[in-house]
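One structure is given here, and the rest of the page talks about it.
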Amino acid sequence: MKNKIREKFLKLRKNNYFELNNNHKKFILKNIKNIIKKTNLKKIGFYYPVNFEINITPIISSLRSKSIKTYLPVVEKNNKMNFREWKKYDPLCVNRFGILEPDKKNQKGKPDLLIVPLVSFDQDRNRLGYGRGFYDRFLNQISNKKNILSVGVAFSFQQEKKIPFEKHDKKLDFIITEKKLFGS
């Protein structure tokens, strides 16, 4: 079931991808900033966009300040995902999945707020990813040690009626599309 939904939305996203216009970017940025302001979180983990995901790199640039540290995921040995600090001019490396990530020598960090990519989602904030479980494992592992806020970013056309949910899946706290904020 999940694979059929995944195939459908990967194809849909590829065929319907669009660059966000300024109003859409402002809407997403405003909602992320509001979440940061309400929670006063200072360590934010982002994703580097691939496969027609929403390009959030301009959002990362606009949030960088002396008081906010930014992190990107790094796939480590045994398919574990960690986050490493990423500063404005730090070079990125291509990992085995073809995704840009910071150097493994960069400082590890545990984000307080995690901006998560997704293939599809439902109104209950269930997320469907690529099927490898990196984000679910990371969120399950870190949430045992500290509170972390998770925010999915997607196009509105990626919404599905109902995403099948399994016990290892991690529901997101918020999902932001170019049109709507899902969550409290």
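In the set (1) in contact with a Leu (Cβ under 9 Å, 6 or more places away or on another chain); (2) on the phi > 0 side of the Ramachandran plot; (3) among the polar types (S, T, N, Q), the condition left unmet by Asn79 is number (1).
Out of all the residues in the stretch 77-134, which are in contact (Cβ under 8 Å) with a residue 12 or more places away in the chain, over 27 Å from Ile5 (Cα atoms) and in a loop (DSSP other than H, G, I, E, B)? If the condition is that a residue be in contact (Cβ under 8 Å) with a residue 12 or more places away in the chain, over 27 Å from Ile5 (Cα atoms) and in a loop (DSSP other than H, G, I, E, B), then Trp86, Lys87, Lys88, Asp90, Pro91, Asp103, Lys104, Asn106, Gln107, Lys110, Pro111, Asp112 are the ones that fit.
For the stretch 50-70, the condition of being part of a helix (DSSP H, G or I), without any contact (Cβ under 8 Å) to a residue 24 or more places away in the chain and over 23 Å from Phe182 (Cα atoms) holds for none of the residues. Asp136 satisfies every condition listed in (1) charged (D, E, K, R); (2) over 22 Å from Asn55 (Cβ atoms); (3) out of contact with any His (no Cβ under 7 Å at 6 or more places or on another chain) except (3). Considering the stretch 139-175, and only residues there that are buried (at least 20 other Cβ atoms within 10 Å of the Cβ) and under 16 Å from Arg13 (Cβ atoms), the residue that is farthest from the chain's Cα centre (by Cα) turns out to be Ile163.
When Asp122 is tested against (1) surrounded by 22 or more Cβ atoms within 10 Å (Cβ to Cβ); (2) modelled with pLDDT of 95 or more, just one condition goes unmet, and that condition is (1).
Of all residues in the stretch 146-176, those being in contact (Cβ under 8 Å) with a residue 24 or more places away in the chain and within 18 Å of Ile5 (Cβ to Cβ) number 19.
Among residues that are surrounded by 15 or more Cβ atoms within 10 Å (Cβ to Cβ), under 18 Å from Leu29 (Cβ atoms) and either over 13 Å from the mean Cα position of the chain (by Cα) or among the aliphatic types (A, V, I, L, M) (or both), Ile54 is included. One residue stands out in the stretch 1-20 among those that are within 13 Å of Glu160 (Cα to Cα) and among the charged types (D, E, K, R): the one that is surrounded by the most Cβ atoms within 10 Å (Cβ to Cβ), namely Arg13. Of all residues in the stretch 135-164, those satisfying the criterion of being at pLDDT 90 or above, in a loop (DSSP other than H, G, I, E, B) and out of contact with any strand residue (DSSP E or B) (no Cβ under 7 Å at 6 or more places or on another chain) are Phe155, Lys161, Lys162, Pro164. Are any of the residues in the stretch 31-48 outside any helix (DSSP H, G or I), of a type in the set (A, V, I, L, M, F, W, C), modelled with pLDDT of 90 or more and under 18 Å from Tyr135 (Cβ atoms)? Yes; the residues of the stretch 31-48 include at least one that is outside any helix (DSSP H, G or I), of a type in the set (A, V, I, L, M, F, W, C), modelled with pLDDT of 90 or more and under 18 Å from Tyr135 (Cβ atoms).
The values are calculated or read from the model by the stated rules, or taken from the named source; none is laboratory data. Keep in mind the model is a prediction, meaning the values are calculated, not measured. Here the Cβ is made from the backbone with ideal geometry for all residues, glycine too, and neighbour counts use every protein chain on show.
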